[in-house]
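What follows is one structure encoded as structure tokens, with my remarks underneath.
Just so it is clear, none of the values below were taken in a lab; they were calculated from the coordinates. Owing to the predicted nature of the structure, the values given are computational and were not obtained by experimental measurement. Here the Cβ positions follow ideal geometry from the backbone for every residue, glycine too, while neighbour counts run over all protein chains shown.
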Amino acid sequence: MVINEGPLAGYRAKRDHANTPEPFGGQKHDGDPIFVVQKHDASHLHYDLRLEMGGVLKSWAVPKGPSMDPKVKRLAIPTEDHPLDYADFEGVIPEGQYGAGTVMVWDIGTYRDLKSETKGAHSIEECYDRGHLDIWLDGKKLKGGFTMVRTKRGGAKPQWLLWKKKDEHAQLGRDILLEAPNSALTGRDLSQIRSEEAEA
Ligand code: MN
């Protein structure tokens, strides 16, 4: 049963359960919270960053994708909360459906809230509300500290910036999106996902 209230109401309202392979559920699990970066070949190729928080995946569209170079700040536009099961969704959203196109799990792993490790820290949910996250990603590709700061609040389009902290995992002058373009789950590129999921 799909209930149209709570944090996932926006997600459900945009999607037709019967006509998309996208997941609609998910259970909290033990251990560190998960993160995922999905490469989404929709009307424009973009990346979607999602962080597990409060039982859902808080989500941002990152048009140019994440960078491991601390000098590169990337725009991140908040989108609707996604269900936890979305983290390992890789497949094709059919024509005519919201977000139609191919979705790849470009990177996946767990994250830690770096602020929670200092005394008297706010919870990750409070940091999100305040618009400033300091996180450590343990992905297959993205590793180390990252900062996310909201630069514009309210209005039609709140905006955040995402950038790599300077640490031993930083990669100056390199482009991880080009160096590691394929799925972190299956090794497939977008066209393989498109053709294999179409056959399925
Ligand atoms: Mn997307």
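Applying D = kT/(6 pi eta Rh) to the range 108-200, where Rh is the Kirkwood radius over alpha-carbon pairs, T corresponds to 10 °C and eta to 1.306 mPa s, the Stokes-Einstein value obtained is 101 µm²/s. Compactness of the chain was expressed as the Cα radius of gyration divided by 2.2 N^0.38 Å, which yields 1.00.
When the pairs Lys58/Lys115; Lys64/Lys141; Lys39/Lys152; Lys39/Lys115; Lys58/Lys164 are compared against a 22 Å limit on Cα-Cα distance, Lys39/Lys152; Lys39/Lys115 fall above it.
The separation of the range 150-200 from the range 38-58, counted between C-alpha centres, amounts to 9 Å.
If you take all other residues with their beta carbon under 10 Å from the beta carbon of Tyr86, and give Lys and Arg +1 and Asp and Glu -1, the sum is -4. Under a model in which nothing but the beta-carbon of Lys, Arg (+1) and Asp, Glu (-1) is charged, the range 101-144 shows a dipole of about 220 debye around its Cα centre. With a simple spin-label model that places each label point 7 Å from the Cα along the Cα-to-Cβ direction, the separation between Ala198 and Asn182 comes to 2.0 nm.
Which whole-number percentage describes the relative contact order of the chain, with Cα contacts under 8 Å and a sequence gap of 6 or more?
Working: 443 pairs, mean separation 43.9, N = 200.
In percent, rounded to a whole number, it is 22.
Packing, as the average of other Cβ atoms within 10 Å across residues, places the peptides 18-24, 104-110, 137-143 in the order 104-110, 137-143, 18-24, highest first. List residues of the range 49-74, by number, whose backbone nitrogen lies under 13 Å from a label position 7 Å along Cα→C-beta of Ala121. Residues passing the 13 Å test: none.
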